[in-house]
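Visitor: One structure coming up, written as structure tokens, with questions to follow.
The values are calculated or read from the model by the stated rules, or taken from the named source; none is laboratory data. The shown structure was predicted, so the numbers you read here are calculated from the model rather than taken from an experiment. Cβ sites come from the backbone with ideal geometry, for glycine too, and all protein chains shown count toward neighbours.
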Amino acid sequence: MSNSIYNKLLKKEAKLAVVGLGYVGLPIALEFAKKISVIGFDVNEERVEMMQNNIDPSKELESEDFKNSDIQFTADMDELKKAQFFVMAVPTPIDDANLPNLAPLLGATETVAKALKKGDYVVFESTVYPGCTEEDCIPILEKVSGLKFQEDFMVGYSPERINPGDKVHTLQSVVKIVSGCCDESLENIAKTYELVVDAGVHRAASIKVAEAAKIIENTQRDVNISLINELSIIFNKLGINTFDVLEAAGTKWNFLNFSPGLVGGHCIGVDPYYLTHKAQQAGYHSKVITSGRYVNDSMGFYIGKQTVKKILAKGKNIQDSRVLVMGVTFKEDVSDIRNTKVINIVNELKSFQVKVDLVDPHASSEDMKNQYGVSLRESAGSGYDAVIVAVNHAEYTSLTESDFEKMMKDDKGVFVDVKGIFRNKIERLEYWSL
Ligand SMILES: NC(=O)c1ccc[n+]([C@@H]2O[C@H](COP(=O)([O-])OP(=O)(O)OC[C@H]3O[C@@H](n4cnc5c(N)ncnc54)[C@H](O)[C@@H]3O)[C@@H](O)[C@H]2O)c1
């Protein structure tokens, strides 16, 4: 082991490169850079320049976090040739038909293949379906580099459990799954990650097992949330508050703690499609997972429609009504608007000719305009027929009923509390939550 890649990294005789410096890649690159020598590579030159100036383009890290790290940020592919251990953290999105879009992953794999040398390691972190590393990525590494897998280079897979906005479950504090293509590679990969993960690593039985473990973590959440979303639709028809029911049922020791809501973002609402795609290829048409996806993807439209019904029930003309939507990000306390389902609420309201204003203390108006064609207001206006608190940002939790009353046009205001954070606190406005 003395001449192992791990020891070389430790003695700074070899460099580790992180390819793709987003929510996942940058934190891991900086953490490694406190212990070993790191190259941070990204195709986006603008982002690289920001990171060279100690700015995290994903707005998760502070400039302090860049200090005391041995890292070189670059968009120059030639620089990658100086590395011997590659960590891949590029996006794995879905396309318009909800099918895996492997273009960024395969593109980055090709880039690394051009820099690959004998004895090198490549560890994939991007979330994929079981088999993707071995069936889709390794053939590219072999073809482009001309090297032989396992004889000349080793491959592993180590999924990411980072949770944006969460300061408790961090890279260091959560056990990380690692896998390799043989015992020796597994040991090297495990020891390398142990340098940065204080909670330790779990050595998975194989690369496919590690891929599958990651994909089911998010699929399980998605399906569980969809059940609660479906229950909230049923309870709404029965005139029962879902959060009251969950609070009561939650007193049982084995009742699972999930709440209704919008399932957006680039993980929970996306990863199940990677699994159902692979299942389909294997000849199995997944029913439970796709049903869950259907329910969760419908929730934004459902909330929009319920808001319209409540406004109509107040005797108002829907085409003259104005609605304020508070919070547009895919979850609380982050600036990330990728795959936000709040836009479905907005589009549903607009389909009824409702005029919609949007505010968010974290999201960028420019990004909203570019991605969804809608801008944000600087701050909430007034004269609304309904206010929807769509995201439970910390900034919103301290607001009171009189704050919302001031935003309303008249005393027939409808207040929609998607996450149920104002339950039992609204007495005068017409209250509705999932
Ligand atoms: N964000 C999360 O919370 C999270 C959690 C667990 C797993 N994941 C998974 O991790 C992976 C990365 O996600 P992310 O949220 O960090 O993505 P991201 O969009 O924040 O960042 C990806 C980065 O990769 C860069 N990039 C794209 N194509 C590239 C290429 N060919 N070569 C080099 N760089 C390239 C982009 O410029 C960007 O900086 C995905 O598979 C995702 O599913 C994400």
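Visitor: Just checking, which of Ser321, Ser286 is surrounded by 17 or more Cβ atoms within 10 Å (Cβ to Cβ), touching an Asp or Glu at 6+ places or on another chain (Cβ under 7 Å) and of a type outside the set (A, V, I, L, M, F, W, C)?
Guide: Sole residue among the options that is surrounded by 17 or more Cβ atoms within 10 Å (Cβ to Cβ), touching an Asp or Glu at 6+ places or on another chain (Cβ under 7 Å) and of a type outside the set (A, V, I, L, M, F, W, C): Ser321.
Visitor: Identify, from the list Glu125, Glu60, Glu64, the residue that is within 12 Å of the ligand (Cβ to nearest atom) and out of contact with any strand residue (DSSP E or B) (no Cβ under 8 Å at 6 or more places or on another chain). Give the derivation first.
Guide: Values: Glu125 fails: out of contact with any strand residue (DSSP E or B) (no Cβ under 8 Å at 6 or more places or on another chain); Glu64 fails: within 12 Å of the ligand (Cβ to nearest atom).
None of the others qualify; the one that does is Glu60.
Visitor: Taking the range 99-147 only, how many residues are within 11 Å of Tyr157 (Cβ to Cβ) and of a type in the set (Lys, Arg)?
Guide: 0
Visitor: So, one more: Could you list all residues from the range 313-364 that are outside any helix (DSSP H, G or I), over 23 Å from Ser259 (Cβ atoms) and of a type in the set (D, E, K, R)?
Guide: Lys314, Lys316, Arg322, Lys355, Asp357
Visitor: Then there is this: Inside the range 207-307, counting only helices (runs of 4 or more DSSP H) that do not spill past its ends, which hold 2 or more residues that are within 16 Å of the ligand (Cβ to nearest atom), touching a strand residue (DSSP E or B) at 6+ places or on another chain (Cβ under 9 Å) and not assigned by TED's automatic domain parsing to the domain that holds Thr329?
Guide: Of the helices (runs of 4 or more DSSP H) lying wholly inside the range 207-307, those with at least 2 residues that are within 16 Å of the ligand (Cβ to nearest atom), touching a strand residue (DSSP E or B) at 6+ places or on another chain (Cβ under 9 Å) and not assigned by TED's automatic domain parsing to the domain that holds Thr329 span 207-238.
Visitor: Shifting gears a bit: Yes or no: the range 26-42 includes at least one residue that is within 15 Å of the ligand (Cβ to nearest atom), more than 24 Å from Ile138 (Cβ to Cβ), surrounded by 15 or more Cβ atoms within 10 Å (Cβ to Cβ) and basic (Lys, Arg).
Guide: No, the range 26-42 has no match at all.
Visitor: Right, something else. Under 9 Å between Cβ atoms, at least 6 apart or on separate chains: pull out the pairs that start in the range 331-343 with a residue that is within 24 Å of Lys305 (Cβ to Cβ) and end on any residue that is within 11 Å of the ligand (Cβ to nearest atom) and of a type in the set (Asp, Glu).
Guide: Cβ pairs passing all conditions: none.
Listed here are the residues, each with its yes/no results for (1) at pLDDT 95 or above; (2) more than 20 Å from Lys314 (Cα to Cα); (3) not assigned by TED's automatic domain parsing to the domain that holds Gly304; (4) not in a loop (DSSP other than H, G, I, E, B).
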position: Glu366; (1), (2), (3), (4): yes, yes, no, yes
position: Arg377; (1), (2), (3), (4): yes, yes, no, no
position: Gly381; (1), (2), (3), (4): no, yes, no, no
position: Glu395; (1), (2), (3), (4): yes, yes, no, yes
position: Phe415; (1), (2), (3), (4): yes, no, no, yes
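Visitor: Take the residues of the range 145-163 that are under 25 Å from Val196 (Cα atoms) and of a type in the set (S, T, N, Q): which is nearest to the ligand (Cβ to nearest atom)?
Guide: Per the stated criteria, the residue is Asn163.
Visitor: Among the residues of the range 77-87, are any within 13 Å of the ligand (Cβ to nearest atom), under 30 Å from Gln280 (Cα atoms) and in the same structural domain as Gly119 (by TED's automatic domain parsing)?
Guide: yes
Visitor: On the basis of being more than 9 Å from the ligand (Cβ to nearest atom), modelled with pLDDT of 95 or more and either within 30 Å of Thr290 (Cα to Cα) or in contact with a Pro (Cβ under 6 Å, 6 or more places away or on another chain) (or both), does Met50 make the cut?
Guide: So Met50 fits the description; yes.
Visitor: Now, a different point. It is to be established whether one or more residues within the range 114-129 are assigned to a helix (DSSP H, G or I), under 24 Å from Val38 (Cα atoms) and modelled with pLDDT of 95 or more.
Guide: yes
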